[in-house]
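Notes to accompany the following structure.
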Amino acid sequence: MKKRKALMGVMASVLAFSMITGCGSNNNNAASNTGGNTGSSGGPKGDITVITQRTDIVDTVFKKYAEEFNKEYPNVNVKFQAITPYEDQIKIRMNSNDYGDVLLLPTSIKLEDTPDFFEPLGDLSELSKQYKGLEERSVDGKVYGIPITINYSGLLYNKKVFEQAGITKVPRTIDEFMAALKAIKDKTEAVPLYTNYASGWALTQWESDLTTVAGNVDYVNVTQPSTDDNFVKGQPHYELYKVMYDAVKQGLIEEDPTTTDWETSKADLANGKIGTMVLGSWALGQVQALTSTPEDIGFMPFPTNAEKVIVPLADDYTIGVSSKSKNKEAAHAWVDWFINKSGYPTTEGGGMSPVIGAELPATLKQFEGSDIAFEMQTPAKAGQEGLLDKIDKDSEIGLWQPDFKKRIIEAAIGNTNESFDDIMKDLNDAWVKSRAKFAK
Amino acid sequence: MSYKTQRKVIIFAFSAIPVILLFTFAYLPVFNMIKYSFTNWDGLSKHKEYIGFDNYKAIFTDPKYFSVFKVSLYYFVATFVQMGLALYFATILSYKLRLKNFFKGILFFPYLLNGVAIGFIFLFFFRPDGTLNTLLDLVGLGNLSHKWLLDTSTVNVALAGTSVWRYMGSNFIIFLGAISSIGKDVYEAADIDGANKWHQFRHIILPSIKKIVQLNLILAISGAISVFDIPYIMLGGSNGSNTFVIQTVDLAFKYGKYGLASAMAVVLLIIVIIVTLVQRLVIKGDD
C-alpha cells in the first residue's frame, strides 16, 4: 500500500516535469531525423515548408506547383503555409527557429541583419549574370534573396471612363492629369481617383512613383539619403503628394474614404465606376480578371513634369532560404525551380521575371518603342545600404507606411487644421533631425 | 509515505503546472517587456543596446505620444453608458418576462462575435449609403444622416458606440448572474411591504450586487484606457481615432521600435494599476 502511494506522488511529479521538458526532446528528434535524410544520393530528400503571402492561391496554384516540382524532385515533400498580414506575422515567427525552409524576406528587417536569418544563395557577381534585382538583399557580395517578380508602378485606369470623359490622350504631365480627373468628374459618374484610404496599404503605392516624379533613377536610393531637402517645395516628394492633396481638395476622390473596401474597389475599377487608382503591375491581372472586357483596363505611368518618363521597376518580395532550415538542399532546389520554371513571376506575380533574357509580359510590350523608359532604381551607394531605412524608421516618417498619406487626405478634406505645407515641413524637420544622427 | 506528505506531494504537483504556465505566459513576458523597455531593440536584430531611461524620457517629453489619451475619454464616457444599459437590461430580465431567454441570448450574442467581424460589420453600418443612414431615412430622420466615420466630431462617438454594442453583453451576463443569486423571499417580503420595482432595484438589487458593479467598473475603465480592437480594425487609428495601444503597436511593428513600444506598454500598465488603486480607494466599501 505504501509503495503504491509513493508511486502516485512520483508519477504526478514526473507528469509535471515532462510538461517542461517535452518540447526539448521533440526538437532533438526532429534534428536527427532530417539530418539523416540530406546528403544521400539521388537529389534532395525530405520535407520542406514554404511560407507565402498568397493566401488566395495557396491551396490551388501552389498545390499545382508542388506537383510540377515533384516531377523533378520526387523525394521532396513540399508543404505550404500562407500567412497574412505577412510582414508582421513572419517577423514575430523569426524570433523562433521555426520560420519554414523557404520564405519571403520581410522588407523591414535591417539589411545587415539578413545573414543572421537567411542562407546565402551565392555570390552577387556570379548570380547577377543570371538574375535582376538582387542588390536589394545582398550583404558583403552575397545574395540572400531573389525577387519573386519585378513590379512596375503607376496608375491603373479604365479606358472606357477616359473615353466617356473625352480624354483622347493619356495624360503625361501633372497638369494634364488633374485636367483629366476633372473631366471625369464633370462628364461621367465615375470616381476620378480612388484612394483606398481605409485599407491603408494601398496609399503606400504612391511612394513607388517617386522615381517617375523625380525623373531620375538615382533619386530614391542615392540622392534622397544625402539631402536635407526631402520634403521641400520643388522636390519629388512634395510634388508627388501635392497631386494627392489637390485631388482630395478638389473632391476628385471617393465620397467617404474612411469606409472604402479594397476588394470592392477592384470590381468598381473593372466595371467603370472608378477612373484611376495608383497601383502596381501586380494588380493589373487581379482587376482584369473581374471584367469580361479586360482590354479596357490600362496601365499608365504616374504623371510627371520631368523631361523623361521613367516607370520604376522594383523588386516584389524576395525569396530566400532560412538559415535554420534542416533541409537546405531541397530548399535551394525549390527557390531555383520557383523562379525559373514555375512561371509565377509573370503569371501570378503579374510583373516581369527576374531572370535575365526572359520574355516581357504583354502589358509592357505595348510601350516598346515609346519614350517611356522602364528602369531599375540605382541601388544605394556602397556604405549607404540601409541608411534610408534607418532614417525613415528613426524619424517615424514611414515612407512605406500609410500614416502621413492619411494625414494629407484628412487635411485636404478639412478634418484637421493643417495645410499641405505644414505637413511637409513637419516631415522634413523629422527627416533632417534623424538624418543628422546617421549620415556622416 | 504518510497521508499528510502524500497530500503535500499531490498539491504541489497539481499546482506546479498552472504556476509554471502562469509564469511562462504571463510573468516572463512582462519581465522581458520591462527589460526591452530599456533598450533600442527593433524586435528582430541580434544586437540590442541598453539606453537607460531614454525611451521613457521620449514618451513623457514628446506630446505626440501622450496626446492620444484624450481619445480614451470617449470610451471612458461610453463605459458608463455601457454599465447603465447592462444593469438596466439585467434588472428587467431578472423579473418574470415572456421570451426572457430569447432576449438574454440576443443581448449576449454580440460578445460572442469575433472583434474583426464586428469591425467590418460596423464599417458597412456607418457607410454614407449604409445601414444607419438608411434606417434614419426610413424613420424620417434623413436630415440626421451623416458620414459618421469621416466627420471628426462623430468618428470617436461612432467607434465608442460600436464598443458599447460589443462589450455590453459581458457586463450584462455578469450582472444577471449576480442578481439571480438574490433570494426570492426578499422580493416576496418587499412585495408585501408594497415596494414597487424601482424601490426593489434601489434597496434590494443594487446593494446586493455592489461588489460586482465595482468589479465591472474597474474592468470597464481599464478597458477604456487600453482600447484597441475596434478603432484599429475599422480605421487603423486614422482620422483622429488613434489610441495609446494602437500607437504602441504601430511603433513596434511599423517602425521597429520595440524598445520604445515596450516602454509605452510599461507606462500603460502602471497607469492601469494606479487607476485601479484610486478607484478602490474612492469607492471603498464596507469589506
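The values are calculated or read from the model by the stated rules, or taken from the named source; none is laboratory data. These figures come from a predicted structure and were not determined experimentally. Here the Cβ positions follow ideal geometry from the backbone for every residue, glycine too, while neighbour counts run over all protein chains shown. What goes into the accessible areas is simple: the full protein's heavy atoms, side chains included, and nothing from ligands, DNA or RNA. Shrake-Rupley method; radii C 1.70, N 1.55, O 1.52, S 1.80 Å.
Worth a mention:
- Elements of the type helices (runs of 4 or more DSSP H) sitting completely within the range A:121-199 and holding at least 1 residues that are under 30 Å from residue A:403 (Cβ atoms) and of a type outside the set (Asp, Glu): these cover A:174-187.
- Test: residue in the range B:97-114 that is assigned to a loop (DSSP other than H, G, I, E, B), surrounded by fewer than 14 Cβ atoms within 10 Å (Cβ to Cβ) and of a type in the set (Phe, Trp, Tyr): no
- Filter result for the condition that a residue is within 14 Å of another protein chain (Cβ to nearest Cβ), closer than 29 Å to residue A:222 by Cα and small (Gly, Ala, Ser), over A:108, A:138: A:108
- Residues (within 22 Å of residue A:418 (Cβ to Cβ) and touching a strand residue (DSSP E or B) at 6+ places or on another chain (Cβ under 6 Å)) located in the range A:210-250: A:247
- Matching option when the condition is away from chain B (no Cβ under 14 Å), surrounded by fewer than 21 Cβ atoms within 10 Å (Cβ to Cβ) and among the aromatic types (Phe, Trp, Tyr), among A:282, A:262: A:282
- Qualifying residue in the range A:61-69 (condition: outside any helix (DSSP H, G or I) and either open to solvent by 70 Å² or more (accessible area, probe 1.4 Å) or touching a residue at least 60 places away in the same chain (Cβ under 8 Å) (or both)): no
- Residue within the range B:103-126 that is at pLDDT 90 or above, farther than 27 Å from residue B:227 by Cβ and within 25 Å of the chain's Cα centre (by Cα) present: yes
- Matching residues in the range A:312-333 - criterion: being under 12 Å from the mean Cα position of the chain (by Cα) and open to solvent by 20 Å² or more (accessible area, probe 1.4 Å): A:314, A:315, A:316, A:317
- Helices (runs of 4 or more DSSP H) wholly inside the range B:183-277 that include at least 1 residues being within 14 Å of another protein chain (Cβ to nearest Cβ): B:229-235, B:244-253
- Failed condition for residue A:383, given (1) at pLDDT below 90; (2) on the phi < 0 side of the Ramachandran plot; (3) part of a loop (DSSP other than H, G, I, E, B): (2)
- Residue match in the range A:350-366 (condition: at pLDDT 85 or above and open to solvent by 60 Å² or more (accessible area, probe 1.4 Å)): yes
- Condition check for residue A:206: within 14 Å of chain B (Cβ to nearest Cβ), closer than 29 Å to residue A:384 by Cα and either open to solvent by less than 30 Å² (accessible area, probe 1.4 Å) or in contact (Cβ under 8 Å) with a residue 60 or more places away in the chain (or both): no
- Some residue of the range A:225-243 being under 24 Å from residue A:159 (Cα atoms), open to solvent by less than 10 Å² (accessible area, probe 1.4 Å), at pLDDT 95 or above and not in a loop (DSSP other than H, G, I, E, B): yes
- Filter pass, residue B:58 being more than 22 Å from residue A:109 (Cα to Cα) and either open to solvent by 80 Å² or more (accessible area, probe 1.4 Å) or away from chain A (no Cβ under 13 Å) (or both): no
- In the condition set (1) part of a helix (DSSP H, G or I); (2) buried (at least 18 other Cβ atoms within 10 Å of the Cβ), residue A:437 is compliant with all but (2).
- Test for residue A:271: is it farther than 25 Å from residue B:236 by Cβ, more than 14 Å from chain B (Cβ to nearest Cβ) and either of a type outside the set (Val, Ile, Thr) or touching a residue at least 12 places away in the same chain (Cβ under 8 Å) (or both): yes
- Test: residue in the range B:225-235 that is of a type in the set (S, T, N, Q) and crowded, with 20+ Cβ neighbours inside 10 Å: no
- Contacts under 8 angstrom Cβ, first residue in the range B:4-17 being of a type in the set (Asp, Glu), partner open to solvent by less than 50 Å² (accessible area, probe 1.4 Å) and outside any helix (DSSP H, G or I), 6 or more apart: none
- Matching entry among B:69, B:76, B:25, B:38 (being of a type in the set (Phe, Trp, Tyr), open to solvent by 30 Å² or more (accessible area, probe 1.4 Å) and in contact with a Gly (Cβ under 8 Å, 6 or more places away or on another chain)): B:38
- The residues of the range B:44-69 that are touching a residue at least 24 places away in the same chain (Cβ under 8 Å), closer than 20 Å to residue B:269 by Cα and assigned to a loop (DSSP other than H, G, I, E, B) amount to a single one, B:68.
- Taking the criterion of being over 18 Å from residue A:242 (Cβ atoms), outside any helix (DSSP H, G or I) and more than 9 Å from chain B (Cβ to nearest Cβ), the only residue of the range A:401-431 that qualifies is A:417.
- Any pair with Cβ under 8 angstrom, 6 or more apart, that starts in the range A:111-125 at a residue that is within 14 Å of another protein chain (Cβ to nearest Cβ) and in contact (Cβ under 8 Å) with a residue 12 or more places away in the chain and ends at one that is part of a strand (DSSP E or B) and open to solvent by 40 Å² or more (accessible area, probe 1.4 Å): A:115/A:142
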